[in-house]
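Here is the structure we will look at.
Read-outs: derived from the displayed coordinates by stated rules, not from any lab. Note that the structure is predicted; figures quoted are calculated from it, not measured. Here the Cβ is made from the backbone with ideal geometry for all residues, glycine too, and neighbour counts use every protein chain on show.
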Amino acid sequence: MRTITLEKGLATFLDGLAGKNRSAATLRAYRTDVLQFITFLHENNVAIIGVVDVGKVDVLEYLAALARKGLTGVARARKVSAIREYFRFLEDMEVIERSPAAGIETPKREKHTRVFLRSDEYTKMLSLAGGNPRDYAILQVFLQTGIRVSELAHLTRADVDLTKPAITVHGKGNAEREITLEKRGVQALKNYLVVRPECLSDVLFLNYKGEPISDRGIRKLVVKYRKNAGITKRASCHTLRHTFATYKAEKGVSPFQLKEWLGHENLNTTQIYVHLGKQNAKKIMEQTSLA
């Protein structure tokens, strides 16, 4: 059986993921998590040279070290998932006989309450952004469509159809979905497009240099308005996505429709919002009375 270094195994693993059309963000996440594990192995076990030298005890010691550093169960679960996929790939390629991560339980994930904004909170953010057409449009698109920050950053002018009106979103795995725009979202985009600087790039949202705005730039923008609005909860771009989904569920939107809008691969991921929506089931029933 041929032996290869841990780094060579990682490069081959990433090539395999790229061949499956996995997103650039997914590749970066796997690379980071596996590379951190490899670094730990080199620093703590000089006997490990190739992938065949890694044993189950090495994986367990790494997880224990992460726990001592205070990493949450969620973070450790993600890392063990990446390690598991890495060695499973090598096992399938017959580089190793058996994965050292086989049989290792996934660290228990802490239960977190999903944070979403009240109407007075996101209204205050929108009010503060009212004088800036770009920022206002970004916040409205988040709140009216529930898209991910990476999806918003990669929207192009061609993805926006103000006649339908709708936007075409390029999600995970290059899957496309169309989301209808509400009147407030349409008007916000119209106002922004009037003042949008001329640019060689077709990307919809630009930074102050006239270049495509980055994911990080959008995150900083949302945090700025959150702080200026006096919102103390740790609200982020993902919080705006949760806000969209939570309010839609409360209004009785079906989990199947929510799944399509949010671009979830699995309906189970959407069910959390349906559960939140049931808290106001009586109110919805009264609003939709046939009497």
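Selection among 26, 44, 55 by position relative to the dipole of the stretch 6-92 gives 26 as farthest towards the positive end (Cβ unit charges, Cα centre). Hydrodynamic analysis of the stretch 37-167 uses the Kirkwood radius over alpha carbon pairs. Inserted into Stokes-Einstein at 4 °C and 1.567 mPa s, it gives a translational diffusion coefficient of 68 µm²/s.
Do you know the relative contact order of the stretch 129-216, to the nearest whole percent, from alpha carbon pairs under 8 angstrom that are 6+ apart? Relative contact order of the stretch 129-216: 31 percent.
For the chain, the longest principal axis of the C-alpha atoms and the axis of helix 56-68 are separated by about 50°. Going by neighbour counts of Cβ atoms within 10 Å, the residues 54, 149 line up, fewest first, as 149, 54. Structural descriptor for the chain: relative contact order 16 percent, calculated from alpha carbon pairs under 8 angstrom and at least 6 residues apart. From least to most packed, judged by other beta carbons within 10 angstrom and beginning with the fewest, 237, 199 follow the order 199, 237. Relative contact order, whole percent, for the stretch 119-283 stands at 25, derived from Cα pairs under 8 Å and 6 or more residues apart. Taking 25 Å as the cut-off for C-alpha to C-alpha distance, list the pairs among 79/227; 164/248; 8/79 that go past it. Over 25 Å Cα-Cα: 79/227.
Annotation for the stretch 1-69 versus the stretch 199-241: alpha-carbon center distance of 33 Å. Mean residue ellipticity at 222 nm, helices only, the chain: -18000 deg cm²/dmol; runs of at least 4 DSSP H residues each add -39,500 (n - 2.57), and the sum is divided by the number of residues. When you work out D = kT/(6 pi eta Rh) for the stretch 111-183 at 37 °C and 0.692 mPa s, using the Kirkwood radius from C-alpha pairs as Rh and the Stokes-Einstein form, the result is 242 µm²/s. Fewest-first ordering of 233, 69 by other beta carbons within 10 Å of each residue's beta carbon gives 69, 233. From the P(r) of the stretch 6-92, could you give the percentage of C-alpha pairs in the tail past 15 Å? The share of Cα pairs beyond 15 Å in the stretch 6-92 comes to 58 percent. Note on the stretch 143-186: Cα convex hull, mean projected area over all directions, 2.9 nm².
Put a plus charge on the Cβ of each Lys and Arg, a minus charge on the Cβ of each Asp and Glu, and nothing anywhere else: the dipole of the stretch 1-60 about its Cα centre is then about 300 debye. In a reduced charge model with +1 at each Lys and Arg Cβ and -1 at each Asp and Glu Cβ, the stretch 152-262 shows a dipole moment near 680 debye about its Cα centre. A Stokes-Einstein calculation at 10 °C with viscosity 1.306 mPa s, built on the Kirkwood radius of the stretch 119-283 over Cα pairs, returns a diffusion coefficient of 97 µm²/s.
Global dimensions of the chain from alpha-carbon coordinates: Rg and Dmax equal 22.7, 77 Å.
Could you give the angle, 0 to 90 degrees to the nearest 10, between helix 267-278's Cα long axis and the longest principal axis of the Cα atoms of the chain? Tilt of helix 267-278: around 40 degrees.
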